[in-house]
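Visitor: Can you read through this structure? Questions will come right after.
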Amino acid sequence: MQGNGPRPAPTGDRHWRGGARFASGCAFTFFGMILLVDWDAHTLSPPRTLLWLVMTSVIFTILLPQRVTAGPGWLAVRGLVRRQAVRTDALVSIRQYGGISAYLTLRDTDGRRLDLDPLVLVTNPLLWHELDTGVRRSRAGGTLLEGTDVLERLRHRIDDATARAVLRASGIS
């Protein structure tokens with residue numbers, strides 16, 4: 001075993017907790033309001049309460065954002081049901097689908113696939129850095145055959161957002 005020191009901690013989406021709080025707040029608010037309305041109408045019963053609980057769970061599931069993490073050479077997206085991960089240092093293709101609600105699809109040499117909202121990369125520079133580092137390794141290794149134009153557009157979008165944030169923070173707008 002080599003003495004390279006501890007492995008770096010994975011980088012995560014810094015806005016995920018806020019999104020999870022929002023999802024749970026909306027779900028519990030719905031549950032409370034619907035129980036109150038049902039109670040006021042004198043129609044509250046155990047089966048109806050169970051129905052409202054199931055509907056609350058569905059609302060929470062729909063609103064809960066996926067959790068995105070990255071480390072040296074990998075990127076992972078975890079939802080409530082499944083987990084997707086790819087090796088960013090062995091990517092084969094990167095494609096962008098959709099218009100307004102666009103998402104990226106990354107594929108690696110092992111055949112694994114990952115779907116990701118590009119806005120997560122725009123708002124999390126450390127996640128973008130991990131992906132960009134892996135993409136550079138994929139290019140150097142000759143495995144990345146498709147998708148460099150998608151990444152260039154995304155890189156410009158991230159650079160523009162970063163420049164605007166710096167200008168706003170310095171008082172120049």
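Visitor: Leaving out ligands, DNA and RNA, what percent of the accessible area of the range 12-70 is carbon and sulfur, probe 1.4 Å?
Guide: 72 percent
Visitor: Please compute one quarter of the surface area of the Cα convex hull for the chain and express it in square nanometres.
Guide: Here the figure is 16.0 nm², rounded to one decimal.
Visitor: Ala165 to Arg139: extension gain in nm, 0.36 nm per residue of separation minus the Cα-Cα distance?
Guide: The span from Ala165 to Arg139 would gain 6.4 nm if fully extended.
Visitor: While we're here: Please list, in chain and number order, the residues 5+ apart from Trp74 or on another chain whose amide H is under 5 Å from its amide H, with Hs placed from the backbone.
Guide: Counting only residues 5 or more places away or on other chains, the set is Thr88.
Visitor: While we're looking at this one, here's another question. For the chain, what is the mean residue ellipticity at 222 nm derived from helices alone (per DSSP H run of n ≥ 4: -39500 (n - 2.57); sum divided by total residues; nearest 500 deg cm²/dmol)?
Guide: -17000 deg cm²/dmol
Visitor: What ³J(HN,Hα) values, in whole Hz, does the Karplus curve 6.51 cos²θ - 1.76 cosθ + 1.60 give for the range 134-142 when θ = phi - 60°, with x put for Gly and Pro?
Guide: Coupling constants for the range 134-142: x, 5, 4, 5, 5, 5, 5, x, x Hz.
Visitor: Calculate I(q)/I(0) for the range 42-125 by the Debye formula, one identical point scatterer on each C-alpha and no solvent, and give its log10 at q = 0.26 Å⁻¹ to two decimals.
Guide: Per q value, in the given order, log10 I(q)/I(0) is -1.32.
Visitor: Here's a follow-up. Per residue, how large is the accessible surface of the chain? Use a 1.4 angstrom probe and give square angstrom.
Guide: Normalised by residue count, the accessible surface of the chain is 65 Å².
Visitor: Under 15 Å from a point placed 7 Å out from the Cα of Thr61 along the Cα-to-Cβ direction: which residues of the range 75-90 have their backbone N that close?
Guide: The answer is 79-83.
Visitor: Along Cα→Cβ, 7 Å out, is where each label goes; now give me the distance between the ones at Thr105 and Leu126 in nm to one decimal.
Guide: Here the answer is 3.1 nm between the modelled labels.
Visitor: Among Gly32, Gly134, Gly12, which one shows the highest mean-square fluctuation when the chain is modelled as a Gaussian network with alpha-carbon springs under 10 Å?
Guide: Gly32
Visitor: Further question: If each of Ile172 and Arg82 carries a label point 7 Å out from its Cα toward its Cβ, how far apart are those two points in nm?
Guide: Using points 7 Å along Cα→Cβ, the separation is 4.7 nm.
The values are calculated or read from the model by the stated rules, or taken from the named source; none is laboratory data. Computed from a predicted model, the values in this text were never measured in an experiment. Backbone-built Cβ (ideal geometry, glycine too); neighbour counts: all protein chains shown. Heads up: the accessible areas ignore ligands, DNA and RNA and are worked out on the full protein's heavy atoms, side chains in. Shrake-Rupley method; radii C 1.70, N 1.55, O 1.52, S 1.80 Å.
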